[in-house]
1. Would you mind calculating the gained length between Ile49 and Ser4 on full extension (0.36 nm times residue separation, minus the Cα-Cα distance), in nm to one decimal?
2. Excluding ligands and nucleic acids, what accessible area in Å² is computed for Arg71 using a 1.4 Å probe, to the nearest 10?
3. Highest GNM mean-square fluctuation, the chain, Cα pairs closer than 10 Å: which of Pro18, Pro64, Pro146?
4. Once ligands and nucleic acids are excluded and a 1.4 Å probe is used, how much of Ile133 is accessible, expressed in Å² to the nearest 10?
5. Round to a whole number: what % of the accessible area of the chain belongs to carbon and sulfur, probe 1.4 Å?
6. Given the pairs Lys61/Lys97; Lys2/Lys96; Lys2/Lys34; Lys34/Lys76; Lys15/Lys50; Lys76/Lys96, which span a C-alpha to C-alpha distance of over 18 angstrom in this model?
7. So what is the accessible area of the chain per residue, in Å², with the probe set to 1.4 Å?
8. Filter the DSSP H helices in the chain by two things, a Kyte-Doolittle mean of at least 1.0 and an axial alpha-carbon span of 15 angstrom or more, and list the hits by number.
Amino acid sequence: MKFSKNILCIDFEGKTEPVQIGAILLDKETLEEKDSFSSYILADLKGKIKSASGISEELLKGAPSQAEVGRMVFEKFGTDVLIGSWAATLDITHFKKIIHAAGIDWGQYDYHVLDIWPVAYIHLLKQGYTGSIRSEEIFQQFGAKPRGLHNALEDCRIAADVLRKIVL
């Protein structure tokens, strides 16, 4: 199978504000990783620690701003990519936020988004899966080891592995 463009698989930690981004560029033909990027993102957590990721304000001290991270992603990967994500609604919201903060027009990106979770879930349902819709259980159905703390780059790699197992 050949996609029309390389896939930029993105993942963010943080529900209301992005606090970490992971991104991997997948080859449009082989889905092998061509490049990667990871960064914490400066955010005010109001003294809280993000429970799933373990990210704290202390860890974010000195991290680049949303605008800086948006610019770095734009410069590293450009816009001639298909954006892919495990949980596209949240990840695309955060991606648009950092791209907008960098002063980049979101319209330069393809509006088609590859949302991997529903594809994986339907794939499992067709095989008789009756388990949870939660990422952890679905990842494990595809052979991933249980995650400890969530890490955006690691989650991108797991999502890419799931995609490979479905598509290739």
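1. Roughly 12.2 nm would be gained on extension.
2. Near enough 90 Å² of accessible area.
3. Pro146
4. 100 Å²
5. 52 percent
6. Table pairs above 18 Å Cα-Cα are Lys61/Lys97; Lys2/Lys96.
7. Numbers: 8670 Å² over 168 residues.
Dividing the accessible area of the chain by its residue count gives 52 Å².
8. 116-126
The values are calculated or read from the model by the stated rules, or taken from the named source; none is laboratory data. From a predicted model like this one, the values you see are computed outputs, not experimental measurements. Positions of Cβ are generated from backbone atoms using ideal geometry, with glycine treated the same way; all protein chains shown enter the neighbour counts. Ligands, DNA and RNA are excluded from the accessible area calculation, which covers all protein heavy atoms including side chains. Shrake-Rupley method; radii C 1.70, N 1.55, O 1.52, S 1.80 Å.
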